[in-house]
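The values are calculated or read from the model by the stated rules, or taken from the named source; none is laboratory data. A quick note: this is a predicted structure, and the numbers were derived from the prediction, not measured. Positions of Cβ are generated from backbone atoms using ideal geometry, with glycine treated the same way; all protein chains shown enter the neighbour counts. We work out accessible area using only protein heavy atoms, side chains counted, and drop any ligands, DNA or RNA first. Shrake-Rupley method; radii C 1.70, N 1.55, O 1.52, S 1.80 Å.
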Amino acid sequence: VGKSKVDDEVLDNLEEILVTSDVGVDTTLKIIGRIEERVARDKFVNTSELNAILNEEIVALLAENNTEDYTQFSIPKDKKPYVIMVVGVNGVGKTTTIGKLAYQLKQSGHKVILGAADTFRAAAVDQLKIWGERVDVPVVTQGMGADPASVAFDALQSAIGQDADVVIIDTAGRLHNKINLMNELSKIKRVMQKLIPDAPHEILLVLDASTGQNAFEQAKQFTLATEVNALALTKLDGTAKGGVVIGISDQFKIPVKYIGVGEGIEHLQVFNRKEFVGSLFSER
Amino acid sequence: MFDNLSDKLDRAFKVLKGQGQISEVNVAETSKEIRRALLDADVNYKIAKNFADSVKEKALGQDVLTSVSPGQLFTKITHDELASLMGGESTDINLKGSPAVILIAGLQGSGKTTFSGKLSNYLKKKKGKNPMLVAADVYRPAAIDQLHVLGEQINIEVYSDKENKNPVEIAKAGITHAKSKGFDVVIIDTAGRLAVDEQMMNEIAAVKQAINPSEILFVVDSMTGQDAVNTAKAFNDRLDFDGVVLTKLDGDTRGGAALSIRSVVDKPIKFVGTGEKMEALDVFYPKRMADRILGM
Ligand SMILES: Nc1nc2c(ncn2[C@@H]2O[C@H](COP(=O)(O)OP(=O)(O)OP(=O)(O)O)[C@@H](O)[C@H]2O)c(=O)[nH]1
Ligand SMILES: Nc1nc2c(ncn2[C@@H]2O[C@H](COP(=O)(O)OP(=O)(O)OP(=O)(O)O)[C@@H](O)[C@H]2O)c(=O)[nH]1
Ligand SMILES: [K+]
Ligand SMILES: [Mg+2]
Ligand SMILES: [Mg+2]
């Protein structure tokens, strides 16, 4: 503010904003590099134009990485049932996101079935069942302690039997450095493929906006184990900015598809690049 | 993802070899490396900067021993400084009062309910206490069931009232129940809440006011990034908590949030969570945490 030229001080401020939004040092330097190039190219850039340029550059960075803007909750028509497997570390918001997504997909006229394949965390099945009741969609369960792959298989089978459009599989939270638990995900996937060879069509990695640079490692390890092809960023209703997803979608070419903005049934939105980037620079 | 800090510093210090003292010129690059390492470990931006500056001050003018590489010397200064900031020795939990009342608070999904179970188990097995749990999260689906399942696993009584939607009343009734049954510690699990949620922050402040706990513990996910300072400060402003619990340290996060929180609220970290099982609880060791943040 009060500056007319983009100088080092302005760029330092920018660095602070990006780093404190969890963008990470590497990605921050990359973005600042792009800004410096722009400033060198189109002379006479002043700070009032900087915001617009910055937004453009980050939005472009996200666009280069397959993150398109979704305008509504929809699923491909040619895959029926469309199988979504939801994965992520502990407590990020997987089960809640499933409840909210089921609600949105049901609202848009789809027949949805949920599979309670977190059979480990205390009362995880009950939690998903309550979401199922709220949204009024069936939940396939085998109770606590059951084999998650077998639950997923059952859920797919009932989706086929009931001619459902979408089946969403909840999985237990697991830290990505636990090899056995990561292998279990690969197994769930394999077992589902016995019924539907190209399932799961969507592997949704849920990231918590308050997570810092460790989210990179999460994206890396979950992608290695399961070929993640969509991201959801939760808890954006707090003060955390979730900037780490910029670098993640850049490095792993995985689009951010959904954002969570609260605990209520309607608190899931499709990702919008401009709004997201705008929020990085809004009042904190 | 992270290079060992000491290696990095050695590289930054190649030029220094043979020089007798650490000087202003050769220290700048090193200070930058330290700052970078801290940022990569999720230490807050401003805190990382101040910390790197203070290490720089400390290092200036120190003799470079021929036996120790400058990188090692710098790493040692950094490490010692970090460990002392982290709180010297580990701090015990306050169990005064009959019963002693412990209130658990924190963001959504940080690990409060799991920690509540672990703490009761620890107090029973390691401290010879007779603890009881109170389920005061009336919002999250199946939160009460979750605590009951954990209580059953470890044989600890859980007080709950599914008809009551008022956490203040539940907490008070739980304590009354504990008194009548002769429990000597009451641990109250609460719903996750965001610091910016006025209504929910008012609620937990009201719980505190009503029950006057001997200990309030703020539970935070060790994977937390830059937001840790905002959250810790906001919770501390409202609750003036007594200690911090760092969860999910069985992951591979560097855990720089621990340093940020220490710096911004100056409250001890008392416990760390190291797994999903009820036994996966440890007291906090500042030196270990310093090693971890530096990737050593
Ligand atoms: N404020 C806010 N809270 C959220 C959001 N999404 C989830 N939560 C809360 O975060 C907590 C954890 O959510 P869960 O859905 O249980 O997370 P999970 O990943 O399934 O957890 P595990 O199965 O234990 O690994 C709950 O209290 C949710 O209500 C969000 O977008 N905003
Ligand atoms: N790996 C690991 N997982 C943990 C640890 N502590 C808690 N968890 C897991 O983290 C997830 C969230 O834990 P909860 O205890 O439900 O968290 P909470 O803070 O009570 O969540 P809300 O009540 O929804 O705000 C669960 O999957 C737990 O099993 C830990 O130290 N290590
Ligand atoms: K979290
Ligand atoms: Mg879950
Ligand atoms: Mg809880």
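Structural remarks
- Being within 16 Å of ligand 2 (Cβ to nearest atom) and out of contact with any Gly (no Cβ under 6 Å at 6 or more places or on another chain) holds for only one residue in A:Val191, A:Val87, and it is A:Val87.
Listed here are the residues, each with its yes/no results for (1) without any contact (Cβ under 8 Å) to a residue 60 or more places away in the chain; (2) over 19 Å from the mean Cα position of the chain (by Cα).
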site	(1), (2)
A:Leu54	no, yes
A:Leu61	no, no
A:Thr97	no, no
A:Lys111	yes, yes
A:Thr141	yes, yes
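- Restricting the stretch A:189-216 to residues that are within 15 Å of ligand 3 (Cβ to nearest atom) and of a type in the set (Val, Ile, Thr), the residue that is surrounded by the most Cβ atoms within 10 Å (Cβ to Cβ): A:Thr211
- Candidates A:Ala124, A:Ala116, A:Ala102, filtered to the one that is surrounded by 19 or more Cβ atoms within 10 Å (Cβ to Cβ), at pLDDT 95 or above and within 16 Å of ligand 5 (Cβ to nearest atom): A:Ala124
Condition check ((1) open to solvent by less than 40 Å² (accessible area, probe 1.4 Å); (2) within 16 Å of ligand 3 (Cβ to nearest atom)) across all residues:
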{"residue": "B:Lys118", "(1), (2)": "yes, no"}
{"residue": "B:Asn121", "(1), (2)": "yes, no"}
{"residue": "B:Arg140", "(1), (2)": "no, yes"}
{"residue": "B:Ile144", "(1), (2)": "yes, no"}
{"residue": "B:Tyr159", "(1), (2)": "no, no"}
{"residue": "B:Val168", "(1), (2)": "yes, no"}
{"residue": "B:Gly174", "(1), (2)": "yes, no"}
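- The requirement of being on the phi < 0 side of the Ramachandran plot and open to solvent by 50 Å² or more (accessible area, probe 1.4 Å) is satisfied by B:Glu198.
- Only one of the listed residues (A:Ser74, A:Ser186, A:Ser158) is in contact with a helix residue (DSSP H, G or I) (Cβ under 6 Å, 6 or more places away or on another chain), away from ligand 3 (no atom under 16 Å from the Cβ) and of a type in the set (S, T, N, Q). That residue is A:Ser186.
- Residues of the stretch A:82-106 that turn out to be facing chain B (nearest Cβ under 10 Å) and touching a helix residue (DSSP H, G or I) at 6+ places or on another chain (Cβ under 7 Å), as a count: 3
- So B:Ala83, is it more than 14 Å from chain A (Cβ to nearest Cβ), in contact with a Lys or Arg (Cβ under 7 Å, 6 or more places away or on another chain), of a type in the set (Gly, Ala, Ser) and closer than 27 Å to B:Asn230 by Cα: yes
- When each of B:Pro131, B:Pro141 is tested for being of a type outside the set (A, V, I, L, M, F, W, C) and more than 8 Å from chain A (Cβ to nearest Cβ), the lone residue that passes is B:Pro131.
- Residues satisfying the criterion are present in the stretch B:251-266 (criterion: free of Cβ contacts under 8 Å to residues at least 40 places away in the same chain and of a type in the set (A, V, I, L, M)).
- Looking across the stretch B:224-242, the residues that are without any contact (Cβ under 8 Å) to a residue 40 or more places away in the chain and within 11 Å of chain A (Cβ to nearest Cβ) come down to B:Asp227, B:Asn230, B:Lys233, B:Ala234.
- Any hit, the stretch B:148-164, residues being more than 14 Å from ligand 5 (Cβ to nearest atom), out of contact with any helix residue (DSSP H, G or I) (no Cβ under 7 Å at 6 or more places or on another chain) and not in a helix (DSSP H, G or I): yes
- Within the stretch B:127-166, the set of residues being without any contact (Cβ under 8 Å) to a residue 12 or more places away in the chain, farther than 24 Å from B:Asn94 by Cα and not hydrophobic (A, V, I, L, M, F, W, C) comprises B:Pro141, B:Asp145, B:Glu152, B:Glu163.
- Filter result (open to solvent by 30 Å² or more (accessible area, probe 1.4 Å) and not aliphatic (A, V, I, L, M)) within the stretch B:269-296: B:Thr274, B:Glu276, B:Lys277, B:Glu279, B:Asp282, B:Tyr285, B:Lys287, B:Arg288, B:Asp291, B:Arg292, B:Gly295
- Residues that are in contact with a helix residue (DSSP H, G or I) (Cβ under 7 Å, 6 or more places away or on another chain) and basic (Lys, Arg) within the stretch B:180-217 comprise B:Arg193, B:Lys208, listed in sequence order.
- Unique match (being surrounded by fewer than 24 Cβ atoms within 10 Å (Cβ to Cβ), among the aromatic types (Phe, Trp, Tyr) and out of contact with any helix residue (DSSP H, G or I) (no Cβ under 6 Å at 6 or more places or on another chain)) among A:Phe252, A:Phe222, A:Phe281: A:Phe281
- Within the stretch A:218-246, being away from chain B (no Cβ under 12 Å) and not aromatic (Phe, Trp, Tyr) holds for A:Thr223, A:Leu224, A:Ala225, A:Thr226, A:Glu227, A:Val228, A:Asn229, A:Ala230, A:Leu231, A:Ala232, A:Leu233, A:Ile246.
- Restricting the stretch A:134-155 to residues that are touching a strand residue (DSSP E or B) at 6+ places or on another chain (Cβ under 6 Å) and outside any strand (DSSP E or B), the residue that is farthest from ligand 5 (Cβ to nearest atom): A:Asp154
- Selection status of A:Ile254, within 15 Å of the chain's Cα centre (by Cα), within 14 Å of chain B (Cβ to nearest Cβ) and over 19 Å from A:Asp170 (Cβ atoms): no
- Matching residues in the stretch A:148-174 - criterion: being within 16 Å of ligand 1 (Cβ to nearest atom) and either farther than 24 Å from B:Asp221 by Cα or crowded, with 22+ Cβ neighbours inside 10 Å (or both): A:Pro148, A:Val151, A:Ala152, A:Ile168, A:Ile169, A:Asp170, A:Thr171, A:Gly173, A:Arg174
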